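Notes for the one structure printed next.
Derivation of every value follows stated rules applied to the coordinates shown; laboratory data play no part. This structure is a prediction, so every number in the text was calculated from the model and none was measured. Reconstructed Cβ throughout: ideal geometry from the backbone, glycine too, with neighbour counts over all protein chains shown.
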Amino acid sequence: ILNVEQSPQSLHVQEGDSTNFTCSFPSSNFYALHWYRWETAKSPEALFVMTLNGDEKKKGRISATLNTKEGYSYLYIKGSQPEDSATYLCAFSSGSARQLTFGSGTQLTVLP
Amino acid sequence: DTAVSQTPKYLVTQMGNDKSIKCEQNLGHDTMYWYKQDSKKFLKIMFSYNNKELIINETVPNRFSPKSPDKAHLNLHINSLELGDSAVYFCASSPDRQANYGYTFGSGTRLTVV
C-alpha cells in the first residue's frame, strides 16, 4: 500500500501572505510526484510533474521542490491571492505501479 | 472544446439498478483512467486502459466493468447498484502510461444511490 500524506489538511491565509504545504510519500522505488490544483466545482488541473531528486519547478507565484531520498515535496505560494483558493493535491507514482496514488489534499482559503 | 468529458454530470438512481457513465477524450491520449473519490475525499484508482487494453484493475467489486471501444472512450458500467456506490467518479487521461505531463481530468460524475 502506497500512502501519500499531505499537511496541513486546511489552511487560511490573508491576501498577500506567502504559504507552503507538504506532501510526503514512500521514498523507495520512486518514479514521479505530481501536484494538482482543484478549484471547487471544477476538475483537478496539473501544476507540476517532478521526477528528479532536487527538482524545483515554478509557475508564476507557485513553486515546488522535491526530495526523493527522504520522500517529501513542498508547494510554495508567494503573495497569495483570493483566486489561489483551492485544494492542492499531490500524487505519487512508483517504478512498478505507474498509476497515481493521491493524497487527500490541502484546502487553501485566501481571505481578502 | 472539452478535453475530457464525462456524462452524465449527476446521476440519481435506485438500489439494484444498472447504470453507465461515459467518458470521452479528444486529446489523442493513449491512456485513460477511472478514479473514485471516497468519503474522505481521496481519489482512488479503479481502472486504467492503455490503447484499449486493460492495464490496471484495482480491487473493485466485479459489479463494476469498464469498457473501452477505442482509445478515446472509456465507459464505466455498474450493475446492481448499492448505497455504498454513491460517490463522485472521475475520468482522466494521459498521453501515455508514464503520465510525465500529468493527467487531464473530466469534471466528475456525482452518483447518488437511493
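Tally the residues that are crowded, with 19+ Cβ neighbours inside 10 Å and within 18 Å of B:ILE78 (Cα to Cα), restricting the search to the stretch B:33-45. I'd like the intermediate steps shown before the answer.
We begin by selecting, within the stretch B:33-45, every residue crowded, with 19+ Cβ neighbours inside 10 Å; these are B:33-36, B:43, B:45.
This time we only want the ones that are within 18 Å of B:ILE78 (Cα to Cα), so: B:33-36, B:45.
Here the count works out to 5.
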- Those residues of the stretch B:5-49 which are in a loop (DSSP other than H, G, I, E, B) and over 28 Å from A:GLN107 (Cβ atoms) amount to B:GLN14, B:MET15, B:GLY16, B:ASN17, B:ASP18, B:ASN26, B:LEU27, B:GLY28, B:HIS29, B:ASP30
- Task: Pull up the stretch B:99-113, narrow it to residues that are farther than 14 Å from A:ALA46 by Cβ and in contact with a Phe, Trp or Tyr (Cβ under 7 Å, 6 or more places away or on another chain), then point me to the one that is surrounded by the fewest Cβ atoms within 10 Å (Cβ to Cβ).
- Result: B:ARG110
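Residues that are within 13 Å of another protein chain (Cβ to nearest Cβ), acidic (Asp, Glu) and closer than 24 Å to B:ASN50 by Cβ: does the stretch A:31-49 have at least one? Spell out how you get there, then give the answer.
As a first pass, look at the stretch A:31-49 and keep what is within 13 Å of another protein chain (Cβ to nearest Cβ): A:31-49.
Adding the requirement that they be acidic (Asp, Glu) leaves A:39, A:45.
Keeping just the survivors that are closer than 24 Å to B:ASN50 by Cβ gives A:45.
Yes.
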- Flag if A:SER18 is of a type in the set (Gly, Ala, Ser), surrounded by 14 or more Cβ atoms within 10 Å (Cβ to Cβ) and either away from every other protein chain (no Cβ under 13 Å) or within 12 Å of A:THR109 (Cα to Cα) (or both): no
- Item | Failed criterion for A:ILE77 (all others in (1) buried (at least 16 other Cβ atoms within 10 Å of the Cβ); (2) within 12 Å of chain B (Cβ to nearest Cβ) hold) | (2)
- Limited to the stretch A:29-49, what total is found for residues that are among the β-branched types (Val, Ile, Thr) and part of a strand (DSSP E or B)? 1
- State which residue is nearest to the other protein chains (Cβ to nearest Cβ) when the search covers only the stretch B:50-98 and only residues that are in contact with a Phe, Trp or Tyr (Cβ under 9 Å, 6 or more places away or on another chain) and outside any strand (DSSP E or B). B:GLN98
- Among (1) assigned to a loop (DSSP other than H, G, I, E, B); (2) within 14 Å of chain B (Cβ to nearest Cβ), the one test that A:LYS57 misses: (1)
- Take the stretch B:3-45 and flag every residue that is more than 13 Å from chain A (Cβ to nearest Cβ) and within 11 Å of the chain's Cα centre (by Cα). B:THR7, B:SER20, B:ILE21, B:LYS22, B:GLU24
- Note on the structure: Of the conditions (1) part of a loop (DSSP other than H, G, I, E, B); (2) more than 10 Å from chain B (Cβ to nearest Cβ), the single one that A:VAL110 does not satisfy is (1)
- Note on the structure: When A:SER24 is run through (1) touching a residue at least 40 places away in the same chain (Cβ under 8 Å); (2) under 21 Å from B:ALA99 (Cα atoms); (3) within 11 Å of chain B (Cβ to nearest Cβ), the failure sits at (3)
- Query: In the list B:VAL113, B:VAL88, which residue meets the criterion of being among the β-branched types (Val, Ile, Thr), in contact (Cβ under 8 Å) with a residue 12 or more places away in the chain and closer than 25 Å to B:THR2 by Cα?
  - Reply: B:VAL88
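Taking B:HIS73, is it surrounded by fewer than 16 Cβ atoms within 10 Å (Cβ to Cβ) and either in contact (Cβ under 8 Å) with a residue 24 or more places away in the chain or touching a helix residue (DSSP H, G or I) at 6+ places or on another chain (Cβ under 8 Å) (or both)? Give the steps one after another, and end with the answer.
Details: surrounded by fewer than 16 Cβ atoms within 10 Å (Cβ to Cβ): no; either in contact (Cβ under 8 Å) with a residue 24 or more places away in the chain or touching a helix residue (DSSP H, G or I) at 6+ places or on another chain (Cβ under 8 Å) (or both): yes.
Against the criterion (surrounded by fewer than 16 Cβ atoms within 10 Å (Cβ to Cβ) and either in contact (Cβ under 8 Å) with a residue 24 or more places away in the chain or touching a helix residue (DSSP H, G or I) at 6+ places or on another chain (Cβ under 8 Å) (or both)), B:HIS73 does not qualify.
If I filter the stretch A:57-68 down to residues being surrounded by 13 or more Cβ atoms within 10 Å (Cβ to Cβ) and of a type in the set (D, E, K, R), which single residue comes out as farthest from A:ALA91 (Cα to Cα)?
Start the filter on the stretch A:57-68 by keeping residues that are surrounded by 13 or more Cβ atoms within 10 Å (Cβ to Cβ), which leaves A:57, A:61-68.
Among the residues that remain, those that are also of a type in the set (D, E, K, R) are: A:57, A:61.
Values: A:LYS57: 16, A:ARG61: 21 Å.
Going through the qualifying residues, I end up with A:ARG61.
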